[in-house]
Amino acid sequence: MPSDNVGFRVYRVVGLKRDLFGWVEFKKYVVARSEKDARERTYSLMGSNHRLKRNLIRIREVGLVEDESEVRDPAVRAYLGGVGGEADA
């Protein structure tokens, strides 16, 4: 039975978001099939979690995560541990 996560990788997205005090740097880890998908996923998450429109988000860098130990997001860590696996604390 084929796995549903074939082709997915973990990306680090670095950029700026606008808030009441100006532009603030952010770093987000997302699971996506490509850099383009990682950008779209970041826009979606930032809009959903922080109520930001796309024009208030500036993505500066998207890259593959080489060292899995740098990921702190529990959902992404669970993905790295395997589908349905336990995430490291």
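Derivation of every value follows stated rules applied to the coordinates shown; laboratory data play no part. The structure displayed is predicted, hence computed values, not measured ones. FYI the Cβ positions are ideal-geometry reconstructions off the backbone, even for glycines, and counts take in every protein chain you see.
Numerical summary
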{"quantity": "Per principal axis, descending, Cα span of the chain in whole Å", "calculated": "47, 27, 23"}
{"quantity": "10 Å beta-carbon shell around GLY47, net charge (K/R +1, D/E -1)", "calculated": "+3"}
{"quantity": "Ranking of SER34, SER69 by count of other Cβ atoms within 10 Å, fewest first", "calculated": "SER69, SER34"}
